[in-house]
Structures are given as structure tokens and as C-alpha cells.
Amino acid sequence: MAADGSGATSNDVRIADRLARWPGVSRERAECGTGTALAAGGVQIVHLHGGAVAELRLTRPVIGRLGEVLADSGRVAFIPGGEWVAVRLDTDSDLAMVASLASVAIKAGSAPGAVPRPGAPCSAAAGGIAPDRLAALVTAGGGSPMPLSQFRLMHRTGPPPAADGRRSAG
């Protein structure tokens, strides 16, 4: 039942229930200490801090490849720290996007040598953008509150970052 007593299920609960049914995905307390996490292979891939935002650990290499497309969608915000993105949970399309990105996060988190970086937390752990503030920033067509030009690994010139996050010679 929704907090307002309407009997409706909130979208954060809907996406948590949906993803928790996937093989190998478990629900646990978020490592940042706020809210619920969904984990796969021992790696937390989704944080739900209550409210209408899902945060996903995509990893820096994935954000390096998909960052521009995600930003262009107008539905994704980049979390300071480099491994996390946030998606507003307003519509069924948003839930579908989170499910798709969760699948990408599972694959990225299980890649050989993929170890979540300490110091690359979600917004709650980073003391960065509060989930309610993030929810206000990520709106349909509003794009990312963190322009790609300011995203440390998303420079539009030069070689792409290596798997360890450093620029390769080139």
C-alpha cells in the first residue's frame, strides 16, 4: 500500500519487486546506510533511497561508453563519484529504463576484474545530491544536472579511459 493510503504501489517498490525476482538478484540494506539495495554477485547495483529515484552502479567504463546517450535521453543524471547514475521513476517507461540499466549493471559488475571503486558512492553516501533534490533535477527533457563536459572521464577529445579509469596513451 502506498504511503498515502491509496492502495497504489510506489514505483520504487514496483522496480525493487521486479528486479528482486531476477535470478541471482537479492534485496539488502544499501551499503550507504540509506534505503534498499539490489545486489547481484555480491555487488550492489541499484539503490532505492525512498522516493521517486533509482540509482544504478553502471561503472566508469560503461558510463564512458553510454554517457552521452544516457544524458541525451533527458531521464538520467550522473552521480558525483563516477560509477552511479540516477533515473527518475515517474512512468512505466522509466521503470523499463531502470530494468534495462540494471541488466547492464549486472554485466558490468560481473566483468573480469570489475571491482566497485571505494570512494565512488551513490548520492546518499557521497553527501552529494540528496535523493529529493535529485528527483527535482531529473525531469522529463531536463537532462543531466551534471553536464558531461564536467564529468571527469567524459572528455570529448582524446583516447577513451582504460578499464582502470586512467586515460590510455594514444
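Remarks
- FRET E, pair Arg18, Leu66, Förster distance 30 Å, beta-carbon r, rounded to 0.05: 0.90
- Using the Cβ of Leu66 as centre and a radius below 14 Å, the other residues enclosed give a net charge of +2, where K and R count +1 and D and E count -1.
- With K and R counted +1 and D and E -1, the other residues having a Cβ less than 11 Å from that of Arg14 yield a net charge of -3.
- Summed side-chain charge close to Gly24 - residues other than Gly24 whose Cβ falls under 15 Å, Lys, Arg +1, Asp, Glu -1: +3
- Each residue was assigned an accessible area with a 1.4 Å probe, and for Cys32 the value is about 40 Å².
- Residues with amide H under 5 Å from that of Leu89, placed H, sequence gap 5 or more: Val53, Ala54
- Accessible surface of Glu31 - all protein chains present, 1.4 Å probe, nearest 10 Å²: 110
The values are calculated or read from the model by the stated rules, or taken from the named source; none is laboratory data. Worth saying up front: this structure is predicted, and the values here are computed from it rather than measured. Counting neighbours? That spans all protein chains shown, and the Cβs are built from the backbone with ideal geometry, glycine included. Protein only, heavy atoms only, side chains kept; ligands, DNA and RNA dropped before computing areas. Shrake-Rupley method; radii C 1.70, N 1.55, O 1.52, S 1.80 Å.
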